[in-house]
Amino acid sequence: MAVAVAAVRAGWRYARPVGWRLGCCPGQSRAGLSGAAGRWPGTAPKGAPRLLGVAALALGGALGIGHTVRGRLKSQEQLAKQAVPQLAEGRLQLTLYQYKTCPFCSKVRAFLDFHALPYEVVEVNPVRRQEIKFSSYRKVPILLAQEGELLQQLNDSSVIISALKTYLVSGKNLEDIIAYYPPMKSVNDQGKEVTEFGNKYWLMLNEKETRRLYSGKEAQTEEMKWRQWADDRLVHLISPNVYRTPTEALASFDYIVHEGKFGVVEGAVAKYVGAAAMFIISKRLKSRHHLQDDVREDLYQAANQWVAAVGKDRPFMGGKEPNLADLAVYGVLRVMEGLEAFEDMMCHTQIGPWYLRVEKAIAEARGHY
């Protein structure tokens, strides 16, 4: 049973596309829409494993919200264990502790890659979680940021992104920036104590820095609104869609066995017990989030809602380049790549061209380091 729960914890995925292309629907052409090559940059060939589990939310927030921890390095041994990459003098040294399958981790990776921030990735075993034994906070993503001799731990994907963006724009000390995102404890509807963060969608910039980053106050407000929408709405549509049928659920858990940091027995149990559990849990999530009988329709509506918000007159919500909302929505959606739900969304909505533009922008940015 412990393995099944661990499989659920690791159930979010960033899979690689298997067979989808924009040409899957009449009149759609991947190359014609994006000018890109006929297959996804850096993707695996057809037949790659597929997965997307999303039960963490259903099981009381296994991938939920935590608190920001700051502390000074105590020894060189501790530094070695945390494997912080060595960057140029004056640069942050970043280590991301993650499940590869987590959409919140995917959001952070999209941000780091687009902003050309080198970082080390440590994949966490979802059963033992020995990789994060140094932390009292036991969820992912966890980002360790070393600035000089000060090692700081940031939790919650939106806090990580807001704090680092503030750091990049303002040049302020990261320790001072983190103080702007205080943890606040409360009790949720299920009677469980949770930790939320104040200001987590805000960038802590002065007036001059804000003007440099945004075309106006409306652009700033729009970005915050849609970042929150990605967390509060979009992410809750994934699980009911990818575990819609037993076949889809089993196909999803194939990816855990292939990519997750499981042992042989753990992986085997995760594949079958986890798939069965998630098929059942997805039905509960469907009811909890008031979704339609055909959950695909909710996914299609959300995708088209986002496309309408971006509009026809700009390639990204951020204008000429992706902003934090673009990266958040992209990060959540890409965990479905390779799954039937992703292919259906691309075929039955207008989100494909925008999605490819963001993917291309991130790929180009990554090529700069």
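All other residues with a Cβ under 12 Å from the Cβ of residue 205 taken together, and with Lys, Arg as +1 and Asp, Glu as -1, what is their net charge?
Net of charged neighbours comes to +3.
Per residue, how many Å² of accessible area does the range 270-345 show with a 1.4 Å probe?
Per-residue value: 42 Å².
Ordered by residue, what ³J(HN,Hα) values in Hz, to whole numbers, does the range 114-130 give under the Karplus form 6.51 cos²θ - 1.76 cosθ + 1.60, where θ = phi - 60° and Gly and Pro are x?
5, 8, 6, 9, x, 7, 8, 10, 10, 7, 9, 5, x, 8, 8, 6, 5
Tell me which residues come under 5 Å, amide H to amide H, from residue 120 once H is placed; ignore anything under 5 positions away on its chain.
Close amide H contacts, sequence-distant or interchain: 94, 95, 96.
Just read off the accessible area of residue 168 with the full protein assembly in place, 1.4 Å probe, to the nearest 10 Å².
We get 80 Å² for residue 168.
If packing is taken as the mean number of other Cβ atoms within 10 Å per residue, what is the order of 341-347, 291-297, highest first?
341-347, 291-297
What accessible area, in Å² to the nearest ten, does a 1.4 Å probe give for residue 229?
So the heavy atoms of residue 229 present about 30 Å² to solvent.
Around residue 194, which amide H atoms from residues at least 5 apart in sequence, or from another chain, sit under 5 Å from its own amide H, with H modelled in the peptide plane?
Residues meeting the criterion, in which the H sits 1.01 Å from N, are 186, 187, 188.
Would you mind estimating how fast the range 284-369 diffuses translationally, via Stokes-Einstein at 4 °C and 1.567 mPa s with the Kirkwood radius over Cα pairs, in µm²/s?
In µm²/s, the coefficient rounds to 93.
At R0 = 45 Å, how high is the FRET efficiency between residue 348 and residue 120 if r is their beta carbon distance? Nearest 0.05 is fine.
0.70
Could you pull the accessible area for residue 362 with a 1.4 Å probe, rounded to 10 Å²?
10 Å²
Separation between the residue 364 and residue 217 pseudo-spin-labels, each 7 Å from Cα along Cα→Cβ, expressed in nm?
Distance between the two pseudo-spin positions: 3.3 nm.
Would you tally the net charge around residue 156, using a Cβ to Cβ cut-off of less than 13 Å, leaving residue 156 out, and scoring K and R as +1, D and E as -1?
Residues near residue 156 contribute +2 overall.
So what are the ³J(HN,Hα) numbers for the range 135-146, from phi and the Karplus equation (6.51, -1.76, 1.60; θ = phi - 60°), rounded to whole Hz, Gly and Pro as x?
Values per residue, Gly and Pro as x: 10, 6, 8, 10, 10, 10, x, 10, 10, 9, 10, 9 Hz.
Using each residue's phi in the range 166-175, evaluate 6.51 cos²θ - 1.76 cosθ + 1.60 at θ = phi - 60° and report the 3J(HN,Hα) Karplus result to the nearest Hz, with x for Gly and Pro.
Along the range 166-175, the couplings run 4, 4, 5, 7, 8, x, 5, 5, 4, 4 Hz.
At 0.36 nm per residue, and after removing the present C-alpha to C-alpha distance, how many nm does the segment from residue 290 to residue 313 gain when stretched out fully?
Roughly 5.0 nm would be gained on extension.
Leaving ligands, DNA and RNA out of it, report the carbon-plus-sulfur percent of the accessible area of the range 204-339 at a 1.4 Å probe.
Roughly 54 percent, rounded to a whole number.
The values are calculated or read from the model by the stated rules, or taken from the named source; none is laboratory data. Worth saying up front: this structure is predicted, and the values here are computed from it rather than measured. Methodologically, a virtual Cβ is constructed for each residue, glycine included, from the backbone with ideal geometry; neighbour enumeration extends over all protein chains shown. Ligands, DNA and RNA are excluded from the accessible area calculation, which covers all protein heavy atoms including side chains. Shrake-Rupley method; radii C 1.70, N 1.55, O 1.52, S 1.80 Å.
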